[in-house]
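The values are calculated or read from the model by the stated rules, or taken from the named source; none is laboratory data. Bear in mind the structure is a predicted one, so any value in this text is a computation, not a measurement. Backbone-built Cβ (ideal geometry, glycine too); neighbour counts: all protein chains shown. Side chains are part of the model used for accessible areas, which takes the heavy atoms of the whole protein and leaves out ligands, DNA and RNA. Shrake-Rupley method; radii C 1.70, N 1.55, O 1.52, S 1.80 Å.
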Amino acid sequence: MGACSTAGLTADQLAIREMATAFAQEQIAPFANDWDRDKFFPVETMRAAADLGMAAIYVRENSGGAGLSRLDAALIFEALATGCPAIAAYLSIHNMCAWMIDAFGSDAQRETWMSRLAKMQFLTSYCLTEPGCGSDAAALRTRARKRGDSYFLTGEKQFISGAGAGGNEHLYLVMARTGAEGPSGISAFLVEGGSPGIRLGANERKMGWNAQPTRAVILDECQVPASCMLGPEGRGFAMAMAALDGGRLNIGACSIGGADGALNHALAYMKERKAFGRRLDEFQALQFRLADMATELEAARALLWRAASALDAGAPDAGRLCAMAKRVATDIGFEVADQALQLHGGYGYLCDYGLEKIVRDLRVHRILEGTNEIMRLIVARSLLESETK
């Protein structure tokens, strides 16, 4: 992984990163361009990752997970993203859903779901965003009404990663309104892919992330047993936000990993390519650019690791640090990948070199898990609230 720092990592963490890097380079990277071109979702490859514990990374061991830390997870997702950011990002989403069920589910829900999710026998999707409320997620309009021993969900979720994959063997974690307007009226539900009243939109045509499907999830009086409510009624939004702290770290790690892969491509290319009778890596101006790219990635990585450690420790400023780290890592990751493409000249624009795919994949990281504008809002509000106390 390029010049990635090992400072402060334990022997176990170094081994975890080495394992994930080897998996990425052997089972993901050689096929990533083809998956992107063919819009192919490599479920069996992800199940192979699950066999190594990468589908339930920070799920407790007694629930069937790996029981690792958020910092461990950041190392894994960064390593996986050197092979393909889109696949690493979907695994991040699956882990986020698995953690929510472990953290907030009943004993019966954990018994039903955790082993299947840890093995990726069932795939998962996180269903919060709606067509009319993206960043303002607390304004969601999907409604869940209780009749007898069931809830009936009606509404539409938009931009749902992984939706439709696995058919009926897919679990949708759906946030829906059971009470009044605002966040306290939102509850969470576990909805199986074969539930009556659920249907899917077409696979979206996207700029990037072509190796994973993105669809609308449409709920038309979708019936689920009352036992499928996750956690207490009215706590869905709070649980969704708690999950997003970790999700933001994961997607930041995916950005750093993708950018690190792009930087390594650029380093190799510049040692071979000549211009004006000299290799590109002999031009001081280009050396300075490489130095800045590597320095900015290392700075983003350091902030991400600090935020992960804060989340592991339950620190009061963990949410603020996660927002900071997500914003910095995704902005820098995209910029470094774009610079790596520029260093390739016209070849960087060709699909065969893989640089344009990395740039396309990383662009969306500045939007999802909360846009980077929302990250700034979270940080600012946290700072202003702390000043009034």
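Classify the stretch 134-183 as rounded, prolate or oblate, taking a ≥ b ≥ c as the square roots of the eigenvalues of its Cα gyration tensor: rounded when a/c is under 1.5, otherwise prolate if a/b is larger than b/c and oblate if not.
Oblate, because a/c is 1.5 or more while a/b does not exceed b/c.
Going by the alpha-carbon gyration tensor, a ≥ b ≥ c the square roots of its eigenvalues, is the stretch 319-384 rounded (a/c under 1.5) or, if a/c is not under 1.5, prolate (a/b greater than b/c) versus oblate? Prolate.
Computed over the Cα atoms of the stretch 72-187, pair by distinct pair, the Kirkwood hydrodynamic radius stands at 15.6 angstrom.
Of the Cα atoms belonging to the stretch 34-119, the radius of gyration and Dmax stand at 13.1, 42 Å. Solvent exposure of the chain, expressed per residue, is 43 Å² of accessible area, with all protein chains present and a 1.4 angstrom probe. Give me the distance in nm between label points sitting 7 Å out from Cα along the Cα-to-Cβ direction at Glu373 and Ala268, one decimal. Between Glu373 and Ala268, the simple spin-label model gives 3.9 nm.
Taking a 32 Å limit on the Cα-Cα distance, which of the listed pairs Lys119/Lys206; Lys39/Lys274; Lys206/Lys274; Lys146/Lys326; Lys146/Lys206 fall beyond it? Cα-Cα > 32 Å for Lys39/Lys274; Lys206/Lys274; Lys146/Lys326; Lys146/Lys206; rest within. As a fraction of the 1.4 Å probe accessible area of the stretch 234-294, surface on carbon and sulfur atoms comes out at 53 percent. For the stretch 200-278, what class follows from the C-alpha gyration tensor (a ≥ b ≥ c being the square roots of its eigenvalues): rounded when a/c is under 1.5, otherwise prolate if a/b is larger than b/c, else oblate? Oblate is the answer for the stretch 200-278, as a/c is 1.5 or above yet b/c matches or exceeds a/b. For the chain, give me the percentage of DSSP beta bridges that are antiparallel, rounded to the nearest 5 percent. Antiparallel: roughly 85 percent of the beta bridges in the chain.
Each of [x] 79, 52, 40; [y] 60, 55, 44; [z] 79, 45, 40 is a candidate for Cα extents along the principal axes in Å; the one calculated from this structure is [x].
The modelled label-to-label distance for the pair Phe40/Glu169, using points 7 Å beyond Cα in the direction of Cβ, is 1.9 nm.
Between Gln284 and Lys119, the distance separating the two model label sites (each 7 Å from Cα on the Cα→Cβ line) works out to 6.2 nm. Ignoring any ligand, DNA or RNA, what whole percent of the accessible area of the stretch 35-100 comes from carbon and sulfur when the probe is 1.4 angstrom? The nonpolar share, carbon plus sulfur, comes to 47 percent.
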